1. Kirkwood Rh over alpha-carbon pairs of region 76-121, then Stokes-Einstein at 37 °C and 0.692 mPa s: what D in µm² s⁻¹, rounded to an integer?
2. List the residues whose amide H sits under 5 Å from the amide H of Phe24, counting only those 5 or more places along or on another chain, with H placed 1.01 Å from N in the peptide plane.
3. Using Cα positions and a limit of under 24 Å, work out the lysines in reach of Lys165, with same-chain residues fewer than 8 apart set aside.
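FYI, it's all coordinate maths here, none of it is from the lab. Keep in mind that what you see is a predicted model, and the values were worked out from it rather than measured.
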Amino acid sequence: MLDIQRPSAISGLDNLTPGDVVLFDEPSPFRDAEQPPEPCPFLVFDLHNLKNNRFVILAAESPFQSSARCPFDIYVNRAFAIRAAGLSSPTSFNLHHRIIVVDDHEGYCLQTDGTAVTGKLASAEQAQLQAFRTPERIEANLQSCKWAMKHFLPRRRSISDARRKVIAPAPYSLPEQPQPSAEI
């Protein structure tokens, strides 16, 4: 079991890039506030800067099923790739299940080394992610960030505690486009 703590202020996420895997806890209204965080791996899909806000688009982990392949999942199932991403078992990340958070969100869970980043996608998986990051999909993520800024973030940036709690869904869909297979 990882020794995880909820950060009081995030400082180690300045260098996030698409393809990083981070530990993040989606708070549940049904969980006791005193319970420790339950972090899950999330994939950094995109980042956007808007009006002094840095938004991170995270793709959620989805159950790994070796038989059912989804075209919008990135599968991390090779032993080397699992280690590179800092994971303990095969995982897939669903690029259609995206959330938007600010870069200093309190949901990031820090490990003992002080970072929420567990690793990075290996080269084959990174190439697959880059194939998904078409200009149309980057634009869809940007529009989702603008929507989140308008409808979810407090109007005054001085309300930083409120900003650090907001999790917005990414409402703009990713355009369906056939992609060359990047499976290994």
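1. Numbers: Rh = 12.2 Å.
Stokes-Einstein gives a translational diffusion coefficient of 268 µm²/s.
2. Sorted by chain and number, the residues that satisfy this are Cys40, Phe42, Cys109.
3. Partners found: Lys51, Lys146, Lys150.
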